[in-house]
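Working notes, structure below.
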Amino acid sequence: MKFRNKRPFIAVILGTRPEVIKLSVLIRQLRKHRASYFLLHAGQHYSYPMDRLFFKELELPDPKYRLSVHQSPATGHGHHVGRMLPLIETILLKECPRAVLVQGDTNTVLAGALAASKIPEIDLGHVEAGLRSRDRSMPEEINRILTDHVSDYLFAPTKGSQRTLEQEGLDPGKIFVTGNTIVDAVRENLALARKKLGALPFGVSRKRGFFLLTLHRQENVDDRGRLASILQGLEEVSRKLRMPILFPAHPRTVKMLKTFHISPPADVRVLPPFGFLDFLRLEADARLILTDSGGVQEEACILRVPCVTLRTSTERPETVAAGANVIAGYRPGDILRCARDMMERDRRWENPFGDGRASQRILRILERRLS
Ligand code: UD1
Ligand code: UDP
């Protein structure tokens with residue numbers, strides 16, 4: 001890998017937990033090959049267990065630029081993206097990298113994509129391109145569509161996402177099926193994860209069994225009725241299937257539980273967010289995963305742990321087609337029925353997200369195209 005140049009070759013823009021995790025292997029490869037690159041962290045996530053913990057544990061270099069543009073609940077997504085945009089643009093104009101890479105569908109991604117796409121000298125690559133939930137009320141869906149449509153390189157994780165991009169009229173010459181970089185991150189860290197953690201929290205053990213829960217989507221946790229309905233479903237799951245549910249809670253959810261004065265049921269054990277290694281081990285050891293996270297749906301599928309998605313849609317239909325995931329929605333009866341069904345699943349499904357070399361492929365493509 002050459003990647004040496006007077007102009008920095010690549011600027012990696014990130015800002016939230018899943019972006020740090022999913023770009024970690026790619027960043028480590030840039031460093032290993034002494035590529036000319038820099039990291040720009042927008043500061044969307046900022047609490048230690050949502051951000052710096054991952055830099056430490058995944059041995060990532062400190063970002064050259066660290067902004068602190070947090071989302072404020074008092075203002076909207078447009079405001080959040082709008083505040084990031086000029087700050088990112090100023091840095092890109094100063095550094096003028098050959099290419100910018102963004103990953104996923106957050107507000108950070110959209111701000112980075114808009115800033116880069118307005119500078120003709122800079123190419124833009126979107127890692128995890130072509131995912132669609134077909135639900136435009138989700139802020140992430142708008143971020144994905146807009147980012148894909150201004151990108152010069154679309155790194156689609158699967159053939160399905162490639163098809164989606166082609167159906168939207170995007171130039172097939174810009175689309176590359178690479179696999180998903182989450183497979184790279186899981187493969188690199190799973191053995192370490194299995195070694196690391198001692199006893200599980202709350203006296204829970206792998207042998208006796210437990211379920212794992214994550215919940216943070218705006219449409220689930222900012223809506224009192226929907227949050228209460230999901231928690232009631234989880235209470236029934238835990239009681240009827242006789243399993244404790246471990247719940248490393250996202251700060252957004254902790255805040256909304258307080259705001260609505262809602263306490264999770266006793267057998268839903270609330271914990272602080274975990275680092276990636278501890279969380280991976282919990283996922284791998286869980287009998288069932290219940291989640292509204294995008295990345296966790298993928299990881300459950302990769303680790304062959306059945307997954308119940310607490311949403312009405314998914315942008316990861318490959319997990320459902322593989323038999324690894326079911327879309328339960330948010331009604332208690334549906335959640336219980338889906339949990340029961342998934343416990344019976346034969347776990348020998350195929351991982352649809354590639355061979356763990358997506359980061360390497362992305363960097364090779366960029367090297368070839370930009371040299
Ligand atoms: C964001 C992404 C979502 C992604 C998630 C990953 C958007 C629109 N949403 O949602 O797609 O799945 O990140 O986790 O970009 N907070 C803290 N500390 C933090 C981060 C957040 O306390 O480190 C609290 C703050 O009260 C903040 C709230 O969580 O207002 C929401 O954070 P925000 O980044 O806006 O959205 P997420 O729900 O994290
Ligand atoms: N994750 C973690 N600790 C936790 C919960 C999740 O490290 O306590 C990791 C998880 O392994 C996955 C990523 O965070 O790689 C998913 O992030 P999140 O659910 O916040 O966002 P999404 O994927 O929905 O955008």
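Derivation of every value follows stated rules applied to the coordinates shown; laboratory data play no part. Worth saying up front: this structure is predicted, and the values here are computed from it rather than measured. Positions of Cβ are generated from backbone atoms using ideal geometry, with glycine treated the same way; all protein chains shown enter the neighbour counts.
Phi angles across region 336-346 convert, under the Karplus curve 6.51 cos²θ - 1.76 cosθ + 1.60 with θ = phi - 60°, into 3J(HN,Hα) values of 5, 4, 5, 4, 4, 4, 5, 5, 8, 5, 6 Hz, Gly and Pro given as x. Couplings 3J(HN,Hα) for region 21-26, derived from phi with the Karplus relation 6.51 cos²θ - 1.76 cosθ + 1.60 (θ = phi - 60°), are 5, 6, 9, 4, 5, 4 Hz, where x marks Gly and Pro. Structure remark: mean-square fluctuation, Gaussian network model of the chain, C-alpha springs under 10 Å; the largest value among Asp222, Asp152, Asp292 belongs to Asp222.
Proximity of backbone amide H atoms, modeled 1.01 Å from N, is registered between Leu271 and Phe247, Ala249 at under 5 Å, excluding neighbours fewer than 5 places apart on the same chain. A simple charge model with +1 on the Cβ of Lys and Arg, -1 on the Cβ of Asp and Glu and nothing else charged puts the dipole of region 278-371 at about 220 debye relative to its Cα centre. Think of the chain as having a plus end and a minus end, set by charges on the Cβ of Lys, Arg, Asp and Glu; of Gly173, Val186, Gln297, Val186 sits farthest toward the positive end of this dipole.
Remark: region 182-188, residue by residue, has Karplus-estimated 3J(HN,Hα) of 5, 5, 4, 5, 5, 4, 5 Hz, where x stands for each Gly or Pro and the curve is 6.51 cos²θ - 1.76 cosθ + 1.60 at θ = phi - 60°.
Judged by the ratio a/c of the largest to the smallest principal axis of the C-alpha gyration tensor, region 167-325 counts as oblate, that ratio being 1.5 or greater while a/b is no larger than b/c. When each of the peptides 326-336, 163-173, 210-220 is scored by the mean number of other C-beta atoms lying within 10 Å of its residues, the order from highest to lowest reads 210-220, 326-336, 163-173. The separation of region 134-209 from region 1-69, counted between C-alpha centres, amounts to 17 Å. Taking amide H as placed 1.01 Å from N in the peptide plane, the amide H of Phe9 sits under 5 Å from that of Ser36, Tyr37, Arg98, each at least 5 places away or on another chain. The alpha carbon centroids of region 341-357 and region 253-319 are separated by 17 Å. For the chain, the Cβ-based charge dipole about the Cα centre amounts to some 1060 debye (Lys, Arg positive; Asp, Glu negative; other atoms uncharged). Amide H contacts of Leu290: Leu212, Leu213, Thr214, Val308, each under 5 Å away and 5 or more positions distant or on a separate chain (H built 1.01 Å from N in the peptide plane; Pro and chain starts excluded). Model label points for Arg242 and Arg163, set 7 angstrom from Cα along the Cα-to-Cβ axis, are 4.3 nm apart.
Remark: the Cα gyration tensor places region 231-371 in the prolate category, a/c being 1.5 or greater and a/b exceeding b/c. Placing unit charges on the Cβ atoms only, positive for Lys and Arg and negative for Asp and Glu, gives region 123-267 a dipole magnitude near 1100 debye about its Cα centre. With the highest mean first, a sort of the peptides 244-252, 64-72, 302-310 on other beta-carbon atoms found within 10 angstrom per residue produces 302-310, 244-252, 64-72.
Calculate the translational D of the chain in whole µm² s⁻¹ from Stokes-Einstein, where the hydrodynamic radius comes from the Kirkwood formula applied to all Cα pairs, the temperature is 4 °C and the viscosity 1.567 mPa s.
62
Taking Leu58, Leu14, Leu124 in turn, the Gaussian network model of the chain (Cα-Cα springs below 10 Å) assigns the largest fluctuation to Leu58. Taking the longest Cα principal axis of the chain as reference, the axis of helix 294-303 is set at about 70 degrees.
Other residues whose C-beta falls under 12 angstrom from the C-beta of Lys195 contribute a net charge of +2, scoring Lys and Arg +1 and Asp and Glu -1.
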